[in-house]
Each structure stands twice: as structure tokens, then as C-alpha cells.
Amino acid sequence: MPKISSITRVLEIIEAVSYASKPLSPLELSQELDIPKPTIHRLIQNLVDDGFLTVDIGGGIVPGKRVRNLSVELWQQRLFFNERQMILQKLVDELKETCGIGVPYHMNMIYTNRAQTTLPLQIYLPVGAKSPMWCTATGKLYLSQLSTTSRNKILQGLPLDKFTKNTITDIDALNAELDRIATTGIGIDNEEFISEMVGVAVPILDKKSRYLASLYLHAPTIRVSLDELLTHVPRLQQAAQDIQALVYDLQSE
């Protein structure tokens, strides 16, 4: 049996942690990857020291800052950025309102793609802008996809500031809202982040049906109601599938 290099083992650890639906213990990684316990502890410590992995409050191993940064940068690779942008622009041409993509980044959502409406009244949230998770359609959709344990850990760490009169700041009420979104698969912002702005979002998934990003549509209430935005969800879902096809091609290479 050929010897596995240390570099391969390091990459396998990062891959396993990144794909895991929950924080993994060193023992779980040792068993999953068939790496001796002394070796796995040494490699994990090196990866933690270098910022590729980190240890959460429960002692589990999760992606560190450098892996999170890398994931955003890979998502932003110019070839795929342009192809996603074409899909978004077609969507805006049809729906006449601003569309974009948001991904989780630290304790916020960050906008990675955006196609702006040409109508006079616009909401400016440019590529690279960050928004809170608990009161946006993109963020609430992401939180709804998490396990109960992971979701509660994140909610406990969020400030839950009140941005508008509609912002949900009670954890029990927010959890109930996230449960509803988990059932429907549709993120909703009912003037919760910015007054007189409504938004909806649908998930972009990988080949294993795991959440990757949120595809959103938002508009000022002076022009469109939340109920009217919701009528466009099937078209959003089709666009999400088109973007997923790009991801599938990448994962097949």
C-alpha cells in the first residue's frame, strides 16, 4: 500500500472538516480518515496554529479564518463569477428588480454577486458588503439550513440588534421563524433589515444537497410588496438550479 504524504493528510483533514455537517472531534477525524491519533492531534494543532482550522466552544474542529477566506475567494473566481453574473442579469431583465448572491462569512452574510435594477428607486448593497444574518432573507435562509445545535450556537453569539420595527430579536421567535423557513426553503425579509425594503431568497446547493449560498431578490415596498416578490420564487429557484449546474461542473473536474 503506497505511503500517504503529510500534505495529502492535511488536505484530507481540511476537506473532512469543511464538508462535515457538525464540528468533528479529533477522534472522529482519526477514525474517518484512518490516521493514527498522535498524528491527527499533531496535524490538527499545526492547522489551528496556522489559522486553517479552529476549535469551537464545544471542543469540535471547524474551518478557520484562512479556509473561510479561501472559500469566498474560490467562489469569486472570475470565470464562474462572470457566468453567475449572466444568470443574474437575465433574472433582473425578467423580474425588473435587483438580484444577487450572499454567502455566510464569519457571523455575517457577504454579497458576492449582484445585478442591479435599472428602475429609479434602488437599494445599494454592493458586492463585498456585509449584512446581518438574523434579519435578512439570505442570512435567515442560511441559519434555517443548520442543525439545531449549530444554529443555537450561532444565535447565542449574534448581537440580535433591532434595525427596524420588524426585526425579530427574541431567540424563541427567531427560531420559530427559522423553522418555518426550513420547511418552505424560502428566506424572507419583511422590512427587518432596512425599512421599506422586502426580500426573498432561495438556496444554492452542491451535489450532495448541502447549502452553498443564498440567491436573493429584493425591492422597495413603494414599488413591490412581499407577496408580489414571493410570486417570483419559482423563477428564482430555476436560476438557482442554473447556478448549481456550474457548481456541479466544477465538482466533477
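Values for this structure:
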{"item": "Answer residue from region 190-207, given it is assigned to a loop (DSSP other than H, G, I, E, B) and open to solvent by less than 40 Å² (accessible area, probe 1.4 Å) and is modelled with the lowest pLDDT among those", "result": "ASP206"}
{"item": "TYR124 vs. criteria under 17 Å from the mean Cα position of the chain (by Cα), among the aromatic types (Phe, Trp, Tyr) and modelled with pLDDT under 90", "result": "no"}
{"item": "Hits in region 182-211 (condition: of a type in the set (Gly, Ala, Ser) and in contact (Cβ under 8 Å) with a residue 60 or more places away in the chain)", "result": "GLY199, ALA201"}
{"item": "Checklist (1) surrounded by 14 or more Cβ atoms within 10 Å (Cβ to Cβ); (2) under 21 Å from ASP206 (Cβ atoms) applied to GLU15, failing item", "result": "(1)"}
{"item": "Which listed residue, of THR136, THR117, is touching a residue at least 40 places away in the same chain (Cβ under 8 Å), open to solvent by less than 40 Å² (accessible area, probe 1.4 Å) and more than 28 Å from ALA20 (Cβ to Cβ)", "result": "THR117"}
{"item": "Breaking point among (1) hydroxyl-bearing (Ser, Thr, Tyr); (2) under 23 Å from VAL67 (Cα atoms); (3) modelled with pLDDT of 90 or more; (4) surrounded by fewer than 20 Cβ atoms within 10 Å (Cβ to Cβ), for TYR105", "result": "(3)"}
{"item": "Index of the failed condition, LEU155 passing every other in (1) under 17 Å from GLN244 (Cα atoms); (2) open to solvent by less than 40 Å² (accessible area, probe 1.4 Å); (3) of a type outside the set (D, E, K, R); (4) without any contact (Cβ under 8 Å) to a residue 24 or more places away in the chain", "result": "(1)"}
{"item": "Condition met for LEU226 (at negative phi and free of Cβ contacts under 8 Å to residues at least 40 places away in the same chain)", "result": "yes"}
{"item": "Candidate set from region 164-189 (those that are outside any loop (DSSP other than H, G, I, E, B) and under 15 Å from SER131 (Cα atoms)); member that is most open to solvent (accessible area, probe 1.4 Å)", "result": "ILE188"}
{"item": "Some residue of region 210-220 being open to solvent by 20 Å² or more (accessible area, probe 1.4 Å), assigned to a loop (DSSP other than H, G, I, E, B) and at pLDDT below 95", "result": "yes"}
{"item": "Near pairs, Cβ below 8 angstrom, 6+ apart or cross-chain, from region 36-57 (without any contact (Cβ under 8 Å) to a residue 60 or more places away in the chain) to any residue that is among the charged types (D, E, K, R) and open to solvent by 100 Å² or more (accessible area, probe 1.4 Å)", "result": "ASP50/ARG66; GLY51/LYS65; GLY51/ARG66; PHE52/ARG66; THR54/LYS65"}
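The values are calculated or read from the model by the stated rules, or taken from the named source; none is laboratory data. Treat the numbers as computed from the prediction; the structure is a model and nothing was measured. Positions of Cβ are backbone-derived with ideal geometry, glycine not excepted, and every protein chain shown enters the neighbour counts. Keep in mind that these areas ignore ligands, DNA and RNA; they rest on the heavy atoms of the full protein, side chains included. Shrake-Rupley method; radii C 1.70, N 1.55, O 1.52, S 1.80 Å.
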